[in-house]
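J.: Take this structure, written in structure tokens, and hold onto it; I'll ask about it next.
No lab work stands behind these numbers, since they all come straight from the coordinates. Please read these numbers as outputs of a predicted model, since none were measured by experiment. Using ideal geometry, Cβ is built from the backbone for each residue, glycine included, and neighbour counts are taken over all protein chains shown.
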Amino acid sequence: MGNVVPIRRATTCVEVVGASGEWVVRIIETDQEITRSLGLESFALSFAEGQRIRLHLDKTLWVERC
């Protein structure tokens, strides 16, 4: 997969960022980071929620873009 980036000792989390009319969901697991770009907020939120459940996390992080 072209957008999988190996990383070390990361805290598992799901992040949602809205910028320039686009929604980005970033999933960070212990050994990789996956980023998905979605055009609709509802799709991004649904995808992020599914990943949060899959990873057994309590919350999804919203990242503010300046």
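J.: Could you grab the pairs with beta carbons closer than 9 Å, sequence gap of 6+ or different chains, first residue in the range 15-34 and on the phi > 0 side of the Ramachandran plot, second one part of a loop (DSSP other than H, G, I, E, B)?
T.: So the pair list comes out as S20/R65; G21/G39.
J.: Pairs needed: first member in the range 42-56, closer than 12 Å to V16 by Cβ; second member anywhere, of a type in the set (S, T, N, Q); C-beta distance under 9 Å; at least 6 residues apart or different chains.
T.: Pairs found: A44/S37; L45/T60; A48/T60; E49/T60; Q51/T60; R52/T60.
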